[in-house]
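Engineer: Here it is: the structure, laid out below.
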Amino acid sequence: MKRIIAMVVALIGVAILVMGIVFEFQSNTGKQSVADEIAPIALADLNAKYDQVKAGYMQYATAEEPKIKTGTPPSAMYDYVSAQRALLGMAKSNIATSKFVMMTGTVDIVLGLGLILAGTALYLKPTE
């Protein structure tokens, strides 16, 4: 019975290890996809560019808000800056999600290796 449990633990470890490796690859693919979408902007400059656009958006929002409240449609520049802010914000959140998936993959790899080693040690331990 102990050997069966040891094999189950080791097999669960293998499954978790495989999932961790898949998460690592998917994370890198997702990060590269975001980098391709925001191509003129480097990933390292994303936060600074977002902060810059956000500051510009706040200036336009302050100027445009009274007009919008009266029912006048906002200017094209306000719409452009608003869309740019939203898209850069989504890119930031996608990068953060990619980093989380990579961290989860790393944890899964370590956990899977630990379960494989524990199952193997339990399997090889002499029965009493």
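The values are calculated or read from the model by the stated rules, or taken from the named source; none is laboratory data. Please read these numbers as outputs of a predicted model, since none were measured by experiment. As a convention, Cβ positions derive from the backbone with ideal geometry for all residues, glycine included, and neighbour counts pool all protein chains shown.
Engineer: With Lys49, Lys54, Lys67, Lys31 as the choices, which residue is part of a helix (DSSP H, G or I), charged (D, E, K, R) and closer than 30 Å to Gly112 by Cα?
Structural biologist: Only one candidate passes the filter, namely Lys31.
Engineer: Then there is this: Please list, ordered by first then second residue, the pairs with beta carbon atoms under 7 Å, 6 or more apart or interchain, first in the stretch 42-65 and farther than 15 Å from Tyr80 by Cβ, second surrounded by 15 or more Cβ atoms within 10 Å (Cβ to Cβ) and among the β-branched types (Val, Ile, Thr).
Structural biologist: Leu43/Ile95; Leu46/Ile38; Leu46/Ile95
Engineer: Among Ile41, Ile5, which is the only one that is at pLDDT 85 or above, surrounded by fewer than 16 Cβ atoms within 10 Å (Cβ to Cβ) and farther than 20 Å from Thr97 by Cα?
Structural biologist: Within the list Ile41, Ile5, the selection yields Ile5.
Engineer: From the list Gly119, Gly114, which one is exposed (fewer than 15 other Cβ atoms within 10 Å of the Cβ), among the small types (Gly, Ala, Ser) and within 30 Å of Val22 (Cα to Cα)?
Structural biologist: Among Gly119, Gly114, only Gly114 is exposed (fewer than 15 other Cβ atoms within 10 Å of the Cβ), among the small types (Gly, Ala, Ser) and within 30 Å of Val22 (Cα to Cα).
Engineer: Quick check, is Val81 of a type outside the set (Gly, Ala, Ser), surrounded by 12 or more Cβ atoms within 10 Å (Cβ to Cβ) and more than 30 Å from Gly119 (Cβ to Cβ)?
Structural biologist: Yes; evaluated as a whole, the condition is true for this residue.
Engineer: Please determine, by comparing only the residues of the stretch 70-89 that are among the small types (Gly, Ala, Ser) and not in a helix (DSSP H, G or I), which one is nearest to the chain's Cα centre (by Cα).
Structural biologist: Result: Ser75.
Engineer: Another question about this same structure. Pairs under 7 Å by beta carbon, first residue outside any helix (DSSP H, G or I) in the stretch 90-108, partner at pLDDT below 90 and crowded, with 18+ Cβ neighbours inside 10 Å, six or more apart or different chains?
Structural biologist: So the pair list comes out empty.
Engineer: Considering only the stretch 12-27, I want to know if a residue exists there that is surrounded by 13 or more Cβ atoms within 10 Å (Cβ to Cβ), farther than 15 Å from Met102 by Cα and not hydrophobic (A, V, I, L, M, F, W, C).
Structural biologist: Taking every residue of the stretch 12-27 in turn, at least one turns out to be surrounded by 13 or more Cβ atoms within 10 Å (Cβ to Cβ), farther than 15 Å from Met102 by Cα and not hydrophobic (A, V, I, L, M, F, W, C).
Engineer: Same structure again: Could you go through the stretch 50-64 and let me know if any residue there is surrounded by fewer than 16 Cβ atoms within 10 Å (Cβ to Cβ), acidic (Asp, Glu) and modelled with pLDDT of 90 or more.
Structural biologist: Looking for residues that are surrounded by fewer than 16 Cβ atoms within 10 Å (Cβ to Cβ), acidic (Asp, Glu) and modelled with pLDDT of 90 or more, one finds at least one in the stretch 50-64, hence yes.
Engineer: Also, I was wondering about something else. Return yes or no: is Ala35 small (Gly, Ala, Ser) and out of contact with any helix residue (DSSP H, G or I) (no Cβ under 6 Å at 6 or more places or on another chain)?
Structural biologist: So Ala35 fails the test.
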